[in-house]
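Values in this text are rule-based calculations from the coordinates and carry no lab data. Just so you know, these numbers come straight off a predicted model, no measurement behind them. Cβ sites come from the backbone with ideal geometry, for glycine too, and all protein chains shown count toward neighbours.
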Amino acid sequence: MGCEHAQAAGGQTSPSQFEENTLSEVKRVIAVLSGKGGVGKSFVTGAIATELARHGHKVGVLDADITGPSIPKMFGMSGRHVHALGNLMLPEISEHGVKVMSSNLLLQNETDPVLWRGPVIAGAIRQFWSETSWGPIDYLLVDMPPGTGDVALTVFQSLPVDGIVIVTSPQDLVSMIVAKAVNMAEKMNVPILGIVENMSYIECPDCGKKIEVFGKSKLPEVAERYNLDILGTLPINPALAEACDKGEVETALPDGMLPKAVSAVEAITPHETDEA
């Protein structure tokens, strides 16, 4: 079962119409979106990026959650800062080769608040795309801020987004949240790859039984209503959460945690480069 919006080939417009620098060759751009905060969107972004890198791909993460960035910490970059190459910024590179650009890498201290107004935030996101030397990248994941507001609009208008992964949790509001994301994707003519449900259950350490602590998931009925693929259901995993807080997502993440999500991303046709 696939998303009807995924049939719109090439996203909202041709990638050649988006401003890009000569030192970046980004083949595919995937936005990871959630309708609200607290559902583990950044973890899903980090997990997909880690899995893609394990498959031998060149991966980058553009942290568009400007005021609440968590990607650098997850990838062990606390205390690190971006460097310049002429007029371009150089992303930081994780231990296993994932490139990251984030507002936290621009701050003197990672605990400093980002007190920027909307236009400044929008400008920063555009700079993270057009004024960052990403080099050759097979997959650039964009960790979106929660919601479907101005920042999301900036991303879809400034970056050649090829597909969206929606992250939800098993709660009553999931239908409304998914509806907002679907409507935005439709208006921006960007295909939805599918939905990942995080915090779906907790596994009993003694018997292995799955306990649905937030109640029975509504994901199957919501996915059917909007004709979306279910790309995975993830458990609550305190040990993995602790590893992410320590910057160890690349080593702690179990292999094959989101195979359907990774396959959906890998199925995207790459952009044609000027050299092609």
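Collect residues whose amide H, placed 1.01 Å from N in the peptide plane, falls under 5 Å from the amide H of Ile137; neighbours closer than 5 in sequence don't count.
Glu25, Val26, Lys27
Kindly rank 24-32, 149-157, 253-261 from highest to lowest mean number of other beta carbons found within 10 Å of each residue.
Going by the mean number of other Cβ atoms within 10 Å, highest first, we get 24-32, 149-157, 253-261.
Highest mean first, how do 45-54, 184-193, 197-206, 237-246 rank when packing is the count of other Cβ atoms within 10 Å averaged over residues? Write out the running numbers ahead of the final one.
Numbers: 45-54: 24.6, 184-193: 20.9, 197-206: 15.7, 237-246: 14.1.
Going by the mean number of other Cβ atoms within 10 Å, highest first, we get 45-54, 184-193, 197-206, 237-246.
Rounded to the nearest 500, what is the 222 nm mean residue ellipticity of the chain from helices alone, with -39500 (n - 2.57) per DSSP H run of 4+ residues and division by all residues?
My calculation for the chain gives -8500 deg cm²/dmol from helical runs alone.
Mind scanning Lys218/Lys260; Lys187/Lys260; Lys36/Lys216; Lys216/Lys260; Lys187/Lys216 and naming the pairs with a C-alpha gap bigger than 24 Å?
Lys187/Lys260; Lys187/Lys216
Determine the principal axes of the Cα atoms in region 82-179, then give the extent along each, sorted from largest to smallest and rounded to whole angstroms.
48, 32, 27
Ranked from highest to lowest mean number of other Cβ atoms within 10 Å per residue, what is the order of the peptides 217-227, 93-103?
Working: 217-227: 16.4, 93-103: 21.3.
Ranking, from highest mean packing down: 93-103, 217-227.
Using all C-alpha to C-alpha distances in the chain, build P(r) with 10 Å bins and read off the rounded percent in each one.
The calculated distribution, bin by bin, is 7, 31, 38, 20, 4, 0.
Straight-line reach from Lys58: which lysines have Cα under 16 Å away, leaving out those fewer than 8 places along the same chain?
The reachable lysines, counting only those whose Cα sits under 16 Å from Lys58, are Lys27, Lys99.
Between region 213-246 and region 47-109, what is the C-alpha centre distance in whole Å?
Answer, in whole Å: 25.
Label region 149-248 by shape, choosing from rounded, prolate and oblate, from the square roots a ≥ b ≥ c of the eigenvalues of the Cα gyration tensor; if a/c is under 1.5 it is rounded, and otherwise prolate applies when a/b is larger than b/c, oblate when it is not. Could you put the intermediate results ahead of the total?
Working: a/c = 2.72, a/b = 1.57, b/c = 1.73.
Because a/c hits 1.5 or more and a/b fails to exceed b/c, region 149-248 counts as oblate.
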